[in-house]
Each structure stands twice: as structure tokens, then as C-alpha cells.
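Rule-based calculations on the coordinates, nothing more; no lab input. Treat the numbers as computed from the prediction; the structure is a model and nothing was measured. Cβ coordinates were reconstructed from backbone atoms using ideal geometry, including for glycine residues, and neighbour counts include every protein chain displayed.
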Amino acid sequence: MREYGVYEAKTKLPDLIKQVQRGERITITNRGKPVVDLVPSTDRLAQQHVEAIAAIKMMRVGTLDQAELNEMRLRGRR
């Protein structure tokens, strides 16, 4: 989890939103004390879970090729 001060968060908000969209959690502090956590939306997390389950099911029936498997592996490391 990364931390940013209020002023820095204000100036970097678009970048912080992109980080959160990638699944990261960000804490915004005011004078060194945590005040806000930016976390991915629960709808987004639910969608990621559905996609992961679908991918696992595809692996079971053997419909994934090596390139798709490598892409899934890279996405899981973010």
C-alpha cells in the first residue's frame, strides 16, 4: 500500500485513480496521519473474480493456448 499526502494526492489524482484501477490500495494522509483509503470498487473486484473463475474453467477444458496463459499470469502479478 502506498501513501500520499493530501497536497500530493490532489496534484496526482488521475495517476492515483489509474493505480487503484490496477488493483492497488492507496492511503492519503494529512500531516502524516492516514485519513482516506482509495481502494478498487467492489463492482470491479466482483468482475475480476468472475473473470478469474471463467479463466480457470477454460483451463480445465483445455481451450487456453500458451499466450493466453502467459497473459493471465502477468495480470495476476500486478
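Data for the structure
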quantity: Pair V50, I17: separation of 7 Å Cα→Cβ label points (nm); calculated: 2.3
quantity: Expected 222 nm ellipticity per residue - DSSP helices of 4 or more, -39500 (n - 2.57), all of the chain, to 500; calculated: -18000 deg cm²/dmol
quantity: Relative exposure of V6, V20, judged by other C-beta atoms within 10 Å (fewest first); calculated: V6, V20
quantity: The range 1-54: relative contact order as a whole-number percent, Cα under 8 Å and 6+ apart; calculated: 31
quantity: Options [x] 1.23; [y] 1.15; [z] 1.06 - which one matches Rg/Rh (Cα atoms, Kirkwood Rh) as calculated here; calculated: [y]
quantity: Calculated from backbone phi, Karplus (6.51, -1.76, 1.60) coupling profile of the range 21-38 in Hz, x at Gly/Pro; calculated: 4, 7, x, 7, 10, 10, 10, 9, 10, 10, 6, x, 9, x, 10, 9, 10, 9
quantity: Residue among N70, I56, Y4 farthest towards the positive dipole end of the chain, charges placed on Cβ; calculated: Y4
